[in-house]
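One structure is given below, encoded as C-alpha cells.
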Ligand code: HEM
C-alpha cells in the first residue's frame, strides 16, 4: 500500500516534469522554475509517506512471513541455481548455463529478480526527468569510489532492469521522457537565472533524502533481521547495501555544481 500511496501522491510530479519540458520548448523560464518548485516540494512530501511503512509492518513479521513471497530466483539462498523451466528454450541473460538439465529434460535453468517497489514508475520518471543516471553496480561516481566503499564492478544495472519490468506503456513513457527537452541542461544553460539551478538542486537533494530514508528502512527490515549482516540480498536480487548507497550517491552527485 505504501508504494501505491507514493505513486498516487507523486503523480503531480510527473505532470510538472512534462510542464517544465513544454515550457523549455516555449522559452518560458518562469514556468520552468514554477514547475521545478512543484517537483522539489512534492518529492519532499513523499518522505513522510515512505515512513508510514513502520506503522503497521513489524520488521520481524515482514522478514519471517511476508518477504519470501516477493523473492526472486537470482542471487537467492532458496534457489542458488535458479529455477528449471521445463520446455522453455529461449537463451537470454536470465539463463544459468552452469548446470546440466535435470534428467536430461529439455529446458533452461533461469534466474530472475523478484518483486520490488523499485519497480515504481514514479521513481523512474523522476530519475529520467532530472537526468539522474544510474550506472551498473560498482560503476560508482568518483566521490564514492574515492572513499573505498565502491562494490566490485559488474555489468548488471538493477535500476535499468527494474525499469524493464514495468508494464510496456510505462516503459514507453519513460523512454519518451528521456528524449524530451532536458530540464538539467536548460538550468545549466540559463545560469544567469540562478534560481533554476537552486530549485533543480533542491529536487535532487530531496530525492537523495528520500533514498536516505529508504536505505534506513531496508536496513531495519532486511539487514538487521540478518543480525546486521550487510551482505544481505534484496528481493530484486541485488546486494542491497552497496546498490542502494550507489543509487543515493548518484542522486546527490546529479546536483548542478
Ligand atoms: C519494508 C519496506 C521495504 C524494504 C525492505 C525495501 C527494500 C528494498 C531493497 C532491498 C531494494 C534493492 C533492490 C532489491 O534487491 O530488492 C529496494 C529498492 C527500491 N525500493 Fe524499496 N524497500 C521497501 C519499501 C519501499 C517503498 C515503500 C518504496 C516506495 C516507492 C520503495 C522504493 C524502492 C525503490 C525506488 C528502489 C530502487 C532503488 C532506488 O531507487 O533507490 N521501497 N528496496
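Read the figures in this text as sums done on the coordinates, not as results from a lab. Values in this document were obtained by computation on a predicted structure and should not be read as measured data. Here Cβ is always computed from backbone atoms with ideal geometry, including for glycine, and neighbour counts include all displayed protein chains.
Taking only Cα atoms, what is the 0 to 90° angle, nearest 10, from helix 11-25's long axis to the longest principal axis of the chain? For helix 11-25, the angle is close to 50 degrees. The equivalent ellipsoid that matches the C-alpha gyration tensor of segment 54-109 spans semi-axes of 32, 10, 9 angstrom, in descending order.
What fraction of the Cα pairs in segment 177-257, stated in percent, has a spacing above 22 angstrom? Tail of the P(r) past 22 Å holds 41 percent of the pairs. By other beta-carbon atoms within 10 Å, ranking 90, 241, 95, 247 with the fewest at the front produces 90, 95, 241, 247.
The order of 184, 22, going from fewest to most other C-beta atoms within 10 Å of their C-beta, is 22, 184. Diagonalising the gyration tensor over the Cα atoms of segment 1-132 and scaling each eigenvalue by 5 before taking the square root yields semi-axes of 41, 22, 9 Å, largest first.
Entry note: the chain has Rg to Rh equal to 1.01, where both radii use alpha-carbon atoms and Rh is the Kirkwood radius. On a 0 to 90 degree scale, rounded to 10, what angle separates helix 194-218 from the longest Cα axis of the chain? Approximately 30 degrees, to the nearest 10.
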